[in-house]
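Reviewing the structure listed below.
The values are calculated or read from the model by the stated rules, or taken from the named source; none is laboratory data. A quick note: this is a predicted structure, and the numbers were derived from the prediction, not measured. Neighbour counts run over all protein chains shown; Cβ positions are idealised from the backbone, glycine included.
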Amino acid sequence: MADSVAVKPRKAASPPAQGGHRSTQRSRREARAAYLFLAPWFLGLLVITIGPIFASLYLSFTDYSLLQEAKWIGMDNYVRMFTEDPRFIASLKVTTIYVVVSVPLQLAFALALALVLDRGLRGLSFYRSIFYLPSLLGGSVAIAILWRKVFGADGLVNAVLGIFGIEGQGWVGDPDTALGTLILLHVWTFGAPMIIFLAGLRQIPSSYYEAAAVDGAGVLRQFKSITMPLLTPIIFFNLVLEIIKSFQSFTQAFIVSNGKGGPADSTLFYTLYLYLKGFKSYDMGYAAAMAWVLLLIIAALTGVNFLASKYWVFYGDDK
């Protein structure tokens, strides 16, 4: 019985389809072309970004003056920074005050103006352009020079105060008010967060406000229960960006204080002191260490903001 069963021969494996082979070759050619076009970007990333990052990290552990070869000194720059340099502590204090005061004021002002513009004013695009303009010019040298003139002893502010019989002063030359003028300049550059707030407000469905109005909720109640919770992701986004931007502020303090951080170090921003150590005192190793400390400060604050965001930031898919 078993001998009578015919064994069918196996079919030979068919060769791969020509179409699949051609598709693989085409994919490889496209990948090579993509890498070829991306090569300048990768080269720039390596030479302009990654290379200087590691170079500055190495220099932060050296005594380097730009005129002599770098000498390895280990952690001496970091130790000297926190134990022997009172101007470093002063710059950190001035920058912290600047960030803590200016960022909330700027965001509050930007949100208030965005709420006004969200009412549907005529010529909204014109107002958005006008209010956004300070953000484009706020970090420029020309605006910083103008700001110094406006708050100078013979500036516009004192001229306005003189109309009311109030005797003015040199606001940028007084240690008690010099930092305040820079805080006002930062608040004045509210355009970018305002535009982002306005975009966020436009994404809130109007039906929410209509339902709240039917239930008898007033404007303040609607703002507290609808606008603020749904706008918290935008507030968080602006908060993180403005904190990073504020810690990196340089031009305003450099121009207003004539590149010295005065009077009495009242406008000695962290980045300004870093510049003075690196390019005025030629202590480039110390400046590199300061740059890495600033990086760690910004990274830590950003991490804290992200950790704290789960307690106050509301997303639409949260349950």
Whichever residue in segment 138-158 is in a loop (DSSP other than H, G, I, E, B) and either at pLDDT below 85 or basic (Lys, Arg) (or both) and, among such residues, is surrounded by the fewest Cβ atoms within 10 Å (Cβ to Cβ):
Asp154
Assuming Ala253 fulfils every condition listed in (1) without any contact (Cβ under 8 Å) to a residue 40 or more places away in the chain; (2) more than 23 Å from Ser60 (Cα to Cα); (3) part of a helix (DSSP H, G or I) apart from one, which condition is it?
(1)
What number of residues in segment 159-178 are in contact (Cβ under 8 Å) with a residue 60 or more places away in the chain and surrounded by fewer than 13 Cβ atoms within 10 Å (Cβ to Cβ)?
2
Those residues of segment 66-92 which are assigned to a loop (DSSP other than H, G, I, E, B) and over 28 Å from Ser246 (Cα atoms), in sequence order
Leu66, Leu67, Gln68, Glu69, Ala70, Ile73, Gly74
Where residues in segment 275-288 are within 14 Å of Arg87 (Cβ to Cβ) and touching a residue at least 24 places away in the same chain (Cβ under 8 Å), which of them is surrounded by the fewest Cβ atoms within 10 Å (Cβ to Cβ)?
Tyr275
Could you check how many residues of segment 224-239 are surrounded by fewer than 17 Cβ atoms within 10 Å (Cβ to Cβ) and either farther than 17 Å from Ala199 by Cα or free of Cβ contacts under 8 Å to residues at least 24 places away in the same chain (or both)?
3
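Answer yes or no as to whether Arg87 is at pLDDT 90 or above, touching a Gly at 6+ places or on another chain (Cβ under 9 Å) and closer than 28 Å to Leu182 by Cβ.
Numbers: at pLDDT 90 or above: yes; touching a Gly at 6+ places or on another chain (Cβ under 9 Å): yes; closer than 28 Å to Leu182 by Cβ: yes.
In short, yes.
Does at least one position in segment 268-280 carry a residue that is among the polar types (S, T, N, Q) and closer than 19 Å to Val94 by Cα?
Scanning segment 268-280 turns up at least one residue that is among the polar types (S, T, N, Q) and closer than 19 Å to Val94 by Cα.
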Of all residues being aromatic (Phe, Trp, Tyr) and over 30 Å from Ile195 (Cβ atoms) in segment 50-109, which is surrounded by the most Cβ atoms within 10 Å (Cβ to Cβ)? Just the residue, please.
Tyr64
